[in-house]
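Below you'll find the structure, written out as structure tokens, and then a few comments.
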């Protein structure tokens with residue numbers, strides 16, 4: 001499968017297919033949608049997207065979702081490191097260094113992290129997304 005730039009329209013289309021192929025079943029306790037504002041992207045000054053889980057299924061899409069309970073703002077390289085690299089410490093390091101800002105229900109985010117907020121679709125989906133990301 002070919003690789004696509006992170007957050008490009010082509011990347012979103014392939015990720016949607018991968019979610020469908022892998023089922024993207026989410027744990028019963030995982031029910032949270034977060035909006036992301038990614039700055040300094042190759043596609044313009046900002047790229048808006050949402051990701052999370054709802055009704056037992058993983059979700060990723062272009063644009064903010066009205067159901068979003070938190071909004072995370074960060075730059076393109078930091079977003080890629082957090083969401084694609086699989087490095088569990090990347091988010092904490094970005095927050096501590098001021099590269100990641102969170103607005104909204106922080107307690108829900110922390111609760112999800114403590115409950116093992118693994119990505120919907122599990123390791124197979126995460127690996128497939130890494131495999132198609134430039």
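Some notes on this structure:
- Relative contact order computed over the range 9-113 (Cα-Cα under 8 Å; 6+ residues apart), in percent: 24 percent
- Evaluated on the chain, the Kirkwood hydrodynamic radius is 14.9 Å, with distances taken between all distinct Cα atoms.
- Calculated FRET efficiency for the pair residue 110/residue 8, C-beta based, R₀ 30 Å, to 0.05: 0.45
- Share, in percent, of DSSP beta bridges within the chain that are antiparallel, nearest 5: 75 percent
- Working ranking of peptides 45-51, 97-103, 78-84 by packing, defined as the average number of other Cβ atoms within 10 Å per residue, highest first, is 78-84, 45-51, 97-103.
- The chain: calculated mean residue ellipticity at 222 nm from DSSP helix runs of at least 4, using -39500 (n - 2.57): -11000 deg cm²/dmol
- Packing-based exposure ordering (other Cβ within 10 Å, fewest first) of 37, 53: 37, 53
- Exposure proxy ranking for 107, 8, based on other Cβ atoms within 10 angstrom of each Cβ and starting from the fewest, stands as 107, 8.
- Bridge type composition, the range 24-103 - antiparallel percent by DSSP, nearest 5: 75 percent
Every read-out reported here was derived from the displayed coordinates using simple, explicitly stated rules and does not represent laboratory data. Keep in mind that what you see is a predicted model, and the values were worked out from it rather than measured. Note that we place each Cβ from the backbone using ideal geometry, even for glycine, and neighbour counts take in every protein chain shown.
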